[in-house]
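Working notes, structure below.
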Amino acid sequence: MTANTEGTKKLYIKSYGCQMNVYDAERMSDVLKPLGYEMSEMPDDADLVILNTCHIREKAAEKVYSELGRLKFKKSDRKAAGKQMILAVGGCVAQAEGEEIIRRAPYVDMVFGPQTYHKLPEMVAQAHRKTGSVLDTDFPTDSKFDHLPAPSAKGGYSAFLTVQEGCDKFCTFCVVPYTRGSEYSRPVEDVLSEARCLVSTGARELTLLGQNVNNYHGLVKDGGEWGLGRLIKEVAEIEGLDRIRYTTSYPAEVDDALISAHRDIEALMPFLHLPVQSGSDRILQAMNRRHGAYEYRILVNKLRKARPDIALSSDFIVGFPGESDRDFQDTMDLVSEIEFVQAYSFKYSPRPGTPAAAHELQVPEDVKSSRLAALQDLLNSQQRAFNESCVGRHLKVLLDRPGRKTGQLIGRSPYMQAVHVDLAPDNLGRIVELEIVSAHGNSLGGRLLAVEDAAKYRQSNTTNTKVTG
Ligand code: 5AD
Ligand code: SF4
């Protein structure tokens, strides 16, 4: 069997699910680069294919098996042409299902969990030796972050940086504590050096990632720990970094230091994803969430006091076991009151091994569907109303990717809306001031007012707690 050309091998990674998987995929590619692997856009010519999977809902997990079915044929086509394709399953499905994957899809060469991808070079070598399928779903005692190389130059203007991983909350519907392991915060110095590295390779925006990112408590070199608010303050000092975001937050652990960061740090964008899941106290309790609807409302009030224009987003689950019409109405009432600018909403999906899956009072599928439709109507109308309220405003947009049409670029507003604008490609990576001229369900259209450099952008935002207009 031969690789593509002497020295270079092609790597194709398909990521499912959350932003942490996107980050992990980049780190996998960094780990494999010294072995001569270069990224490919297509699986067809790849020597190594990695499916970086998500186990959060049943549909997400099933997608992996359908994709594996398709890849099986590509693998045998390559074999017929005298070439190899190592097929690997990583991420949370790999962690949760392990050997079951090899049983259902015996042509898979490697299965590895989210905590072992720093060992990919060894696993690939083993797969080459063809000593059966390689399985590594350990939770090693030392962190993978201690073994990963520095991020390679990507030129990404908006980059992800994992600062915290894992979860000890055990919401009764959720697989994450079982697939990602217990909560771990990277030491402050590691985070800062990776942040500096990403900025030096072109990032102007960093999104700090963690399953419970706001419970970050990273060790400081000289002793002690920093919370997320303090960390953000330090990250904001990095020369050349203009924007900071973080996700995902657990409402019961948003502390005053983080709320103050929203008031004091202009680089911290006025957008927060703060999953509430339900508006019913009864259901929140059954979910083992550590907040009630009242506490969530109080928290939102505090955040809005600190940063009046903060835009909120959330996750919702409808049809959690035992959810009554009244409980669902409580969710609708909470949404009507808070007004979210965007949200993700899902039908409850029983996950094997989680407490809620064994609950007797499962909600019928048709009830889940109609509740989801009603909730999504309301959420979509709020998103549309927010987008329409932006027409005529001037927003600063970091242009980070080409649009679908030629001559078009796309970026994010401070409030995370995608904004498209007709501009030449050399404007990529710039923060531009746009007049918003159109609003759509999921995006905005803008017209150029000014191209700003980083320093000017910061200056004009120092006293800004509202959309510039
Ligand atoms: N069923 C439906 N949605 C779920 N989520 C997590 N687990 C489940 C499940 N079993 C949703 C939650 C979470 C988001 C990432 O996915 O809303 O915040
Ligand atoms: Fe899952 Fe709850 Fe942990 Fe979020 S806080 S990852 S929903 S267990």
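Near R351, the amide H atoms lying under 5 Å from its own belong to A357; only residues 5 or more places off or on other chains count, and H is placed 1.01 Å from N. If you model the chain as an ellipsoid using its alpha carbon gyration tensor, with each semi-axis the square root of five times an eigenvalue, the axes come out at 35, 29, 22 Å, biggest first.
What share of the DSSP beta bridges in the stretch 182-274 is antiparallel, in percent to the nearest 5? That works out to approximately 25 percent antiparallel. Per residue, the accessible area of the stretch 79-123 comes to 34 Å² when a 1.4 Å probe rolls over the protein heavy atoms. Within the straight-line cut-off of under 18 Å between alpha carbons, the lysines reachable from K221 are K233, sequence neighbours fewer than 8 places apart in one chain being disregarded. For the stretch 203-322, the square roots a ≥ b ≥ c of the C-alpha gyration tensor eigenvalues yield an a/c of 1.5 or more together with a/b exceeding b/c, which makes the shape prolate.
Taking only the Cα atoms of the stretch 1-144, the ratio Rg/Rh comes out at 0.93, with Rh defined as the Kirkwood radius. Projecting the Cα atoms of V318, H420, P34 onto the charge dipole of the chain, computed from C-beta unit charges around the Cα centre, puts H420 farthest toward the positive end. Shape analysis of the stretch 189-254 places it in the oblate category; the axes a ≥ b ≥ c from the Cα gyration tensor give an a/c of at least 1.5, with a/b not above b/c. In the context of the full set of protein chains, residues of the stretch 186-265 present 37 Å² of accessible surface per residue (probe radius 1.4 Å, heavy atoms only). Of all DSSP-defined beta bridges confined to the stretch 142-231, some 45% are antiparallel rather than parallel. Share of carbon and sulfur in the accessible area of the stretch 221-369 stands at 48%, probe radius 1.4 Å. Highest mean first, the peptides 97-105, 231-239 sorted by other C-beta atoms within 10 Å per residue fall in the order 231-239, 97-105. Across the accessible surface of the stretch 119-220, with the other protein chains kept in place and a 1.4 Å probe, carbon and sulfur atoms take up 54 percent. Report summary: the helix-based calculation at 222 nm, which adds -39500 (n - 2.57) for every DSSP H run with n ≥ 4 and divides by the residues of the chain, gives -10500 deg cm²/dmol.
The label point for E58 and the one for R297, both projected 7 Å from the Cα toward the Cβ, are 3.5 nm apart.
From the Cα gyration tensor of the stretch 97-238, with a ≥ b ≥ c the square roots of its eigenvalues, which class applies: rounded if a/c is under 1.5, or else prolate if a/b is larger than b/c, or else oblate? Because a/c hits 1.5 or more and a/b exceeds b/c, the stretch 97-238 counts as prolate. A cut-off of 5 Å between modelled amide H atoms, ignoring neighbours fewer than 5 places along the same chain, links V318 with F346, K347, Y348. Pairs exceeding 22 Å between alpha-carbon atoms, taken from K10/K74; K74/K130; K10/K72; K119/K169: K119/K169. Projecting the Cα atoms of S66, G82, F386 onto the charge dipole of the chain (Cβ charges, centred on the Cα centre) puts G82 farthest toward the positive pole.
For the chain, the Cβ-based charge dipole about the Cα centre amounts to some 920 debye (Lys, Arg positive; Asp, Glu negative; other atoms uncharged). Surface composition of the stretch 377-428: carbon plus sulfur atoms hold 50% of the accessible area, using a 1.4 angstrom probe and ignoring ligands, DNA and RNA. With both labels modelled 7 Å from their Cα along Cα-to-Cβ, the R447 to A357 distance reads 5.5 nm.
The alpha-carbon atoms of the stretch 69-122 define a convex hull whose volume equals 78 cubic angstrom per residue.
The values are calculated or read from the model by the stated rules, or taken from the named source; none is laboratory data. Worth saying up front: this structure is predicted, and the values here are computed from it rather than measured. Every residue, glycine among them, receives a Cβ derived from its backbone with ideal geometry; neighbour counts consider all protein chains shown. What goes into the accessible areas is simple: the full protein's heavy atoms, side chains included, and nothing from ligands, DNA or RNA. Shrake-Rupley method; radii C 1.70, N 1.55, O 1.52, S 1.80 Å.
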